[in-house]
Amino acid sequence: MKSSDEENNFKRATLLDSFLIGLGFSCLELFFILLNLPGQSLHALGLTILGTAAIHILTAGVIGYLVVAARKMSLDWTAKTLLIAFSLHFIYNYLIIYDFQPGAILLYLSALLLTLITMIIKIKSAPSRFVA
């Protein structure tokens, strides 16, 4: 059985790892984007960098939250987690591909950020599942 401190350390480490994984994915995608956009304006480039970093970090954060929230990982839970992550990323890509206004994209990313913050607060305030 894990103690409450061990569980909290696991939660923190898992969430931090998920954010770092998201950052890594965003850096890799930005590298490929920047190779193909030599003449983009500085303003558009800033939105590209912000959006790409945000969607990957936030999507990975949601995956981290779902891993932490899982009482027991199963194939079903893993499939649901990946479907949620795919859906979040798909919506972002849809907004980009169909050239939605930057305000709509920032609104979507802000809503995703607020959702993730709410989930993290929920984890911190939830009683421990493990008994020492």
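Things worth noting here:
- Taken residue by residue, segment 93-108 has no member that is surrounded by 11 or more Cβ atoms within 10 Å (Cβ to Cβ), within 22 Å of Leu16 (Cα to Cα) and at pLDDT 90 or above.
- Criterion violated by Val67 - all others in (1) in contact with a helix residue (DSSP H, G or I) (Cβ under 7 Å, 6 or more places away or on another chain); (2) without any contact (Cβ under 8 Å) to a residue 40 or more places away in the chain satisfied: (2)
- Set side by side, the residues Ile57, Ile63, Ile117, Ile123 differ, and just one is closer than 18 Å to Phe19 by Cα, at pLDDT below 80 and of a type in the set (A, V, I, L, M, F, W, C), which is Ile123.
- Filter pass, Leu83 being within 22 Å of Leu30 (Cβ to Cβ) and not β-branched (Val, Ile, Thr): no
The values are calculated or read from the model by the stated rules, or taken from the named source; none is laboratory data. Everything numeric here is computed off the predicted structure, so don't read it as measured data. With ideal geometry, Cβ positions are generated from the backbone for all residues, glycine too; neighbour counts draw on all protein chains shown.
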